[in-house]
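Following: one structure in structure tokens, then a few remarks.
The values are calculated or read from the model by the stated rules, or taken from the named source; none is laboratory data. The structure displayed is predicted, hence computed values, not measured ones. With ligands, DNA and RNA removed, areas are computed over all heavy atoms of the protein, side chains included. Shrake-Rupley method; radii C 1.70, N 1.55, O 1.52, S 1.80 Å.
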Amino acid sequence: VLLVAAPSAGAAAGRVAAGLGGRLAARFDRPAPHTPVAVTERAMEAAAGADCVVAIGGGAAIGLGKAVSARTGMPQVAVPTTYAGSEATPVLGETEDGVKTTRRDPALAPGTIVYDPGLTLGMPPGLTRTSAMNALAHAVETLWAPDATMVTDALATEAVAGILGTLPEVLDDPSGLAGRARLQSAARLAGICLSQTRMGLHHQLAHVLGGAYDLPHAELHTMLLAHVMAFNLPSAPAASDRLTRVAGPDPVAAVAALARAHEGPTRLSGLGVPRDGLHDVAERVAAKPYPNPRRLDAGAVAELLDAMW
């Protein structure tokens with residue numbers, strides 16, 4: 001086993017390593033957000049002699065496990081310790097030279113996922129909030145996807161209800177395992193949704209901004225979501241109706257309130273994005289737009305980015 005673990009999952013990884021004993025080929029503890037190709041190359045050096053990869057942690061560790069598996073064909077075991085939901089998707093985004101490239105392949109999905117709400121107890125409140133918002137973004141964007149079905153609509157609606165209904169409870173009582181288990185279930189549903197539908201403007205902005213400026217993935221999703229909802233929902237009445245059913249009369253306000261309560265950066269400027277870089281981001285999005293309910297052009301995307309800056 002090649003054991004990939006985020007630093008925050010060091011204790012759990014230590015227990016797994018001890019249990020594996022001589023079956024541990026190597027341990028790699030330096031995954032990075034957005035799965036940089038250079039980091040994957042170092043992990044590949046450690047993978048010599050391994051025939052399986054176990055990833056413990058959030059999106060960075062899970063993504064690195066996928067990247068190693070994609071290059072070797074090794075089976076994966078994913079043990080998520082956050083609520084991003086990426087473990088349930090056949091999607092891998094890799095970054096090289098400031099550009100994030102995303103691909104989708106059923107072979108990228110981990111064959112085994114282990115959910116243990118106890119592994120999320122040590123998450124700081126900020127990461128609890130932002131990783132759950134990351135999963136929420138998967139579900140929301142599924143609702144306006146051009147290839148949405150009655151099944152993905154149902155899964156996404158349940159995921160939204162689970163996250164919005166449970167996240168405040170978990171933030172108020174971080175020790176409650178029942179709430180954390182429901183968040184894990186909702187995040188998995190959101191990940192399944194993402195695996196069955198095409199991504200739109202929200203994820204494209206996250207990919208372009210994250211790749212260009214090496215931004216924290218979950219915080220970026222948290223900051224973007226309410227703005228993109230306000231931009232898209234007037235052009236997506238069916239999605240708006242479903243969100244109103246589970247989030248109340250103003251879904252944008254409900255999501256924005258959760259995002260604003262984050263104690264970290266809540267604007268692109270706070271994340272370190274230079275204002276003079278927004279035009280280039282808008283041009284890159286408009287040049288190859290992801291499918292989106294509202295037509296995208298560079299001017300409209302630039303206005304949206306400026307409002308978020």
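The table that follows gives values for the structure above.
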| item | result |
| --- | --- |
| Relative contact order of the range 167-309, pairs being alpha-carbon contacts under 8 Å that are 6 or more residues apart, as % | 27 |
| Over the range 2-114, equivalent-ellipsoid semi-axes from the Cα gyration tensor in Å | 20, 15, 14 |
| Over the range 2-114, relative contact order from alpha-carbon pairs under 8 Å, at least 6 apart, % | 25 |
| With every protein chain in place, the range 1-74: carbon and sulfur % of accessible area (1.4 Å) | 54 |
| Accessible surface, per residue, of the chain when the full set of protein chains is kept, probe 1.4 Å, Å² | 40 |
| Given (1) 1.19; (2) 1.09; (3) 0.96, the label whose value is Cα Rg over 2.2 N^0.38 Å derived from this model | (3) |
| Considering only the chain, percent of DSSP beta bridges that pair antiparallel, nearest 5 | 30 |
| The range 124-308 pair-distance distribution - Cα-Cα, 10 Å bins, rounded % | 10, 40, 37, 13, 1 |
| Mean separation of Cα contacts under 8 Å, 6 or more apart, over the residue count of the chain: relative contact order % | 15 |
| Where N is the number of residues in the range 78-127, Cα Rg divided by 2.2 N^0.38 Å | 1.38 |
| Whole-percent carbon and sulfur share, accessible surface of the range 197-309, 1.4 Å | 51 |
| Hydrodynamic radius of the range 63-213 per Kirkwood, over alpha carbon pairs, in Å | 15.7 |
